[in-house]
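J.: Supplied in structure tokens, the structure appears directly below.
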Amino acid sequence: MIGRMWSRVRTTLALLACAALTACSGNGSDATPTPSPTPTTLAVAPQQPHVAGRVPVTLLPGLTVMTDDECTPQEKRRVCSAEGTESWAPIGDPAAATLVEARTHLAGGHTSWTTVLRFASGSRATLQQATRAAAAAGGVVLVLARDRVLAAVPASDVHGTTAALTDLDKATAWDTVAAFGEP
């Protein structure tokens, strides 16, 4: 019981000390404090990139080329990424298709991003043909626009008229979608 009493006394003394320090910390003026400005509202989730419309693309099955050499579009039998850091060897003929939507979203665990490409229903046969050729060789379906590879989709991630790029970092996912909207 005495221990509880001393505990209360110590708590009371600590509170009184804090009150005294607060009262003495002023600058001696009687001016009322200026209220702080109202905080501005910040967007917690900025608008995620989304492209909708008819975007002409070329589909091409390809195999990833493993080399440290920079890829140049003039090389025969090579297709390059926009930056020239990645290259693929085509394993089939290019075919025209139409992309109607590109969007990205956080994956279920919020640790990566998934980008989804949706093609026009009239492009289904072309997409399936490229997917079969890529799957048979262990390759990917390359989606090109303006003579550059904008996406390399594993054949296993193409279903119907939809292709998905999974386990991406945010910058890659957002840049991929944005690239389809560039003129």
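The values are calculated or read from the model by the stated rules, or taken from the named source; none is laboratory data. Being a predicted model, the structure only gives us computed values, none of them experimental. Note that we place each Cβ from the backbone using ideal geometry, even for glycine, and neighbour counts take in every protein chain shown. The area values use the complete protein model at the heavy-atom level, side chains included, leaving out ligands, DNA and RNA. Shrake-Rupley method; radii C 1.70, N 1.55, O 1.52, S 1.80 Å.
J.: Going residue by residue through the range 121-134, is there one that turns out to be in contact with an Asp or Glu (Cβ under 8 Å, 6 or more places away or on another chain) and within 25 Å of Gly53 (Cα to Cα)?
T.: No, the range 121-134 contains no residue that is in contact with an Asp or Glu (Cβ under 8 Å, 6 or more places away or on another chain) and within 25 Å of Gly53 (Cα to Cα).
J.: Quick one: in the range 103-143, of everything that is in a helix (DSSP H, G or I) and farther than 25 Å from Val65 by Cα, which residue is most open to solvent (accessible area, probe 1.4 Å)?
T.: Arg124
J.: Condition test on Thr166, is it on the phi < 0 side of the Ramachandran plot, open to solvent by 20 Å² or more (accessible area, probe 1.4 Å), in a loop (DSSP other than H, G, I, E, B) and of a type outside the set (Lys, Arg)? Explain how you work it out, then say what you get.
T.: Working: on the phi < 0 side of the Ramachandran plot: yes; open to solvent by 20 Å² or more (accessible area, probe 1.4 Å): yes; in a loop (DSSP other than H, G, I, E, B): no; of a type outside the set (Lys, Arg): yes.
When the stated conditions are applied, Thr166 does not pass them.
J.: Still on this structure: For the range 80-94, what are the residues that are within 20 Å of Gly138 (Cβ to Cβ), charged (D, E, K, R) and either touching a strand residue (DSSP E or B) at 6+ places or on another chain (Cβ under 6 Å) or loosely packed, with under 14 Cβ neighbours inside 10 Å (or both)?
T.: Across the range 80-94, the qualifying residue is only Asp93.
J.: Oh, and also: Which one is most open to solvent (accessible area, probe 1.4 Å) among residues in the range 58-79 that are among the charged types (D, E, K, R) and farther than 12 Å from Val149 by Cα?
T.: The selected residue is Lys76.
J.: Then there is this: How many of the residues in the range 149-163 are exposed (fewer than 15 other Cβ atoms within 10 Å of the Cβ) and either outside any strand (DSSP E or B) or touching a residue at least 24 places away in the same chain (Cβ under 8 Å) (or both)?
T.: Count: 3.
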